[in-house]
Structure formats: C-alpha cells, structure tokens
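The block underneath contains the structure these notes are about, expressed in structure tokens.
The values are calculated or read from the model by the stated rules, or taken from the named source; none is laboratory data. Since the model is a prediction, treat every value here as computed from it, not as a measurement. In this analysis, Cβ positions are derived from the backbone assuming ideal geometry, glycine residues included, and neighbour counts consider all displayed protein chains.
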Amino acid sequence: MPQKIAIVTGAGSGIGRAVALALLRGGYAVGLAGRREANLQETATLAGEFQANALPIATDVTDEAAVRKLFDQVVAKFGRLDVLFNNAGQGAPAIPLDELRFDKWQQVVNVNLTGVFLCTREAFRVMKAQSPRGGRIINNGSISATTPRPNSAPYTATKHAISGLTKSCALDGRAFDIAVGQIDIGNAGTDLTARMAGGVPQANGTVAAEPTMDVNHVGQAVLNMANLPLDANVLFMTIMATQMPFVGRG
C-alpha cells in the first residue's frame, strides 16, 4: 500500500488532473474527486502503472453530505488521509458587475469558497483523529488571490477569501499537526487558458496575448509541498509563466 494518501478535488481536468497524476507517480494513493465520473476515470487511466492507487469518486463539493462521503470512502479504502489539495473552482462571465446575476455570484461562492470550507472541515476531522495525527492541506489560491483581472469580481473575491481561510486554518491546525498552505498559479497551460494565445483583456483596456507554462510544473510544485515533513510548511507559493503580465505594471 502507498505510504501516503491524498484527495484532489477537481481532479478530472486541468490543474487538478496534473496534480493528481504527479501525486500518483510520486507514490501516493489518490482519491480523485470531481463532478464528472468519466473525467475522473480518464485521469485514473492516464496514471498508467499507478492506476490501481487512484480512487475516482464523483463529488459535488458544494454538497455537505457528498463531501463527507468522499472523505469516508477514501479513509475506508486507504486507512488515513495525509494530503488534501483543494482545487475545484469555477469562474463567472467576464461582464460588468452591474450585469452579473445573483445566482451566478452565488454559484461561484458556493464552489470556490464554501466547497473549500466543507473539504477542509472534513480533512480536519480526519487528520485530528487518525494516528499518526495530522496531515497537510494545500489550497489553490490562483494569481487572483492577489491581483484581479478585469470584470472578475466573483472569482477574485472568492480567491482573496481563500487566502484568509488558508491563514486561519494554518493557525488553527498547529495544535493538531495539520499544515495548511496555498499555491497561487498563473497561466498554467490548460484548456481554460488556451484562449490566452488569441488575446485576453488587460487592465488598461487593451487585448493582448499572454504566455502560458506547462501545467505539469504545477503538479511538481504541489508534490514538493506535499512531501515536506509536517514540521515545515510552504504557507504561500506563486508559480507562474515568467513573462505573464503580473509583476509591476506588466
């Protein structure tokens, strides 16, 4: 049996898939959580020789009962939980704030913030009770946890909130050997960022193409964070395409 056990939310595509595969190839057993079971099965298949250590579990992170079931199934299968990567998230249309529907705002908050809370709460429950005690929680904060893009209020607000949740949980986890950190990712090459090659809106009102980076670098970065001993923690890490317009005035 693998020495360490992880759960990755949003594991059916993009960053979540890259991180799940990096953990599987790094010797972890991984509970693959996401809304679409077929995508999770595809992630497991891509793990090749490590597929037996992947456990796809269709999960809606906004559903309290479904999140509890996810964690219970992983613990029942593998005996404990060492790492949670809170990655599931979604955005809203890039439209002026006064045109944004309340239900879309609420949907983004439910997935990006409440979903992370529900998963973190279950991880605390498991990690406090298991022996050896403790574990690690890594939140996907995004570059938007620091700096917004135009017309991105719902996504940016929730990602700023994740930074506060990360710090609060890092503090509360100390007494139980639970290390909590955050990785802020900029322009990882996924299906969602493919449009950047054709140009995306900039803060000065122009539209410009932006560089991306290999998403597998994110997987390796999370694996490195996960492999630290519990007496060491990366509280915040930023990994980004070097030439993306983020630092300074772009």
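Taking segment 6-115 as the region of interest, the strands (runs of 3 or more DSSP E) fully inside it that hold 2 or more residues being under 15 Å from the mean Cα position of the chain (by Cα), closer than 23 Å to ALA179 by Cβ and in contact (Cβ under 8 Å) with a residue 24 or more places away in the chain are 28-34, 83-86. Residues in segment 65-121 that are surrounded by fewer than 16 Cβ atoms within 10 Å (Cβ to Cβ) and aromatic (Phe, Trp, Tyr): PHE102 alone. For the residues ILE185, ILE239, the requirement of being crowded, with 17+ Cβ neighbours inside 10 Å, touching a residue at least 60 places away in the same chain (Cβ under 8 Å) and among the β-branched types (Val, Ile, Thr) singles out ILE185.
Summed over segment 188-219, residues that are closer than 20 Å to ALA88 by Cα, surrounded by fewer than 16 Cβ atoms within 10 Å (Cβ to Cβ) and either touching a Gly at 6+ places or on another chain (Cβ under 8 Å) or at pLDDT 95 or above (or both) total 4.
Consider segment 152-182 and keep the residues that are more than 20 Å from VAL234 (Cβ to Cβ) and of a type in the set (S, T, N, Q). The one that is surrounded by the most Cβ atoms within 10 Å (Cβ to Cβ) is THR158. Just one of the listed residues (ALA11, ALA6) is of a type in the set (A, V, I, L, M, F, W, C) and touching an Asp or Glu at 6+ places or on another chain (Cβ under 8 Å), and it is ALA6. Taking the condition of a type outside the set (Gly, Ala, Ser), more than 19 Å from the chain's Cα centre (by Cα) and surrounded by fewer than 22 Cβ atoms within 10 Å (Cβ to Cβ), does PRO132 pass? When the stated conditions are applied, PRO132 passes them. Scanning segment 18-41 for residues that are buried (at least 24 other Cβ atoms within 10 Å of the Cβ) and either within 10 Å of ILE57 (Cα to Cα) or acidic (Asp, Glu) (or both) returns GLY31, LEU32, ALA33, GLY34, LEU40. The residue that is nearest to the chain's Cα centre (by Cα), counting only those in segment 166-213 that are within 24 Å of GLY248 (Cβ to Cβ) and acidic (Asp, Glu), is ASP184. Is there a residue being within 21 Å of GLY14 (Cα to Cα), part of a helix (DSSP H, G or I), hydroxyl-bearing (Ser, Thr, Tyr) and at pLDDT below 95 anywhere in segment 147-165? There is no residue in segment 147-165 that is within 21 Å of GLY14 (Cα to Cα), part of a helix (DSSP H, G or I), hydroxyl-bearing (Ser, Thr, Tyr) and at pLDDT below 95.
Looking across segment 172-187 at every residue that is among the small types (Gly, Ala, Ser) and out of contact with any Gly (no Cβ under 7 Å at 6 or more places or on another chain), the one that is modelled with the lowest pLDDT is identified as GLY186.
Against the list (1) more than 17 Å from ILE178 (Cα to Cα); (2) assigned to a loop (DSSP other than H, G, I, E, B), the condition ARG133 fails is (1). Among the residues of segment 1-14, some residue qualifies, meaning at least one is among the hydrophobic types (A, V, I, L, M, F, W, C) and modelled with pLDDT under 95.
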